[in-house]
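J.: Could you have a look at this structure, given as structure tokens, before my questions?
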Amino acid sequence: MGRGVLVVFEGIDGSGKSTQRDMLGRWLAQAGVRWATLAQPSSSLAGSLLRKAIAAKRRLPPETELALFVRDRREQARSVIRPLLREGIVVVLDRHYLSSVAYQGALGLDPAAILGRCVRFSPVADVTFLFDIDPSEALRRIAKSRHADPFERRDYLVRVREMYLAWAPRVPDLQILDASEDQEMIATSIRRVVARLLEERHLMPPPGA
Ligand code: TYD
């Protein structure tokens, strides 16, 4: 990996990842750090097919879905993430391969095989935050702002959460956050960890720079 920093956010839908991603982005911008936020599925061809299916409230056959997520991730790693990291940029990634292990593993596909397939080409994150939350609470949050998509069913998210917790120990530098806590408290914990990584890599501009 290059000189940048890769920060990954993982967790079930409605766990508050996107809010924290935006809060971290604002803090990095204020600190004068060069950063980018990216999401999976991405805007690659495979990613667009997945987004289209989600928007149409359709789920593809599990093997097809997995193949598209893996293809999208490989493409994004090669063409976007690695070049940004080589430039010394802080990349905040909303979902990485643990999403495939958890979401496609929860459909009955072999989680160990998914993990093995993805780690071969995936950039290693400097830190992964797993936003852990009760699926009922996550669905309550989603219901406040929009209709749930086909991934967002309680029984499914219960299995996804179990998969996340079971496979989290296989991801290096992963921290589990209690996503039911106050947003400011969560943001502070994340900043503390990211600030330390930035200092280690000399990516924190000096005050007044
Ligand atoms: P995402 O865009 O993160 O959803 P949202 O913005 O609504 O949180 O992801 C869309 C869905 O794709 C989400 O329900 C999780 C699912 N997903 C997988 O099933 N496997 C994967 O590898 C990834 C990256 C996402």
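J.: Give the carbon-plus-sulfur fraction of the accessible surface of region 40-100 in %, rounded to a whole number; probe 1.4 Å, heavy atoms of protein chains only.
T.: Result for region 40-100: 57 percent of the exposed heavy-atom area is carbon or sulfur.
J.: Could I ask something else about it? Let me have the relative contact order for region 74-197, percent, based on Cα pairs under 8 Å that are six or more residues apart.
T.: The value is 31 percent.
J.: Further question on the same structure: Just to be sure I understand the model, the point goes 7 Å from the Cα along the line to the Cβ. What's the resulting Val158 to Asp182 distance in nm?
T.: 3.2 nm
J.: Report the paramagnetic label zone for Thr19: residues of region 189-209 whose backbone N is under 19 Å from a point 7 Å from Cα along the Cα-to-Cβ axis.
T.: Once the point is set 7 Å along Cα→Cβ of Thr19, 189-192 turn out to lie under 19 Å by backbone N, inside region 189-209.
J.: Select from Phe129, Gly4, Leu24 the residue farthest towards the positive end of the dipole of the chain; place +1 on Cβ of Lys and Arg, -1 on Cβ of Asp and Glu, and compute about the Cα centre.
T.: Gly4
J.: From largest to smallest, what semi-axes in whole angstrom does the chain give when each is the square root of 5 times an eigenvalue of its alpha carbon gyration tensor?
T.: Ellipsoid half-lengths, sorted descending, are 27, 20, 16 Å.
J.: Taking amide H positions as placed in the peptide plane 1.01 Å from N, state which residues far from Val90 in sequence (5 or more) or on other chains have amide H under 5 Å from it.
T.: Amide H to amide H, under 5 Å and 5 or more residues apart or across chains, Val90 pairs with Val5, Arg34, Trp35, Ala36.
J.: For the ranges 67-74, 3-10, what's the packing order if you count other beta-carbon atoms within 10 Å of each residue, average per peptide, and put the highest first?
T.: Result, highest mean first: 3-10, 67-74.
J.: Going highest first, how would you order 189-199, 137-147, 96-106 by mean Cβ packing within 10 Å?
T.: 96-106, 189-199, 137-147
The values are calculated or read from the model by the stated rules, or taken from the named source; none is laboratory data. Small disclaimer: the values here were computed from a predicted structure and weren't measured. Positions of Cβ are generated from backbone atoms using ideal geometry, with glycine treated the same way; all protein chains shown enter the neighbour counts. Surface areas here come from the heavy atoms of the whole protein model, side chains and all, with no ligands, DNA or RNA. Shrake-Rupley method; radii C 1.70, N 1.55, O 1.52, S 1.80 Å.
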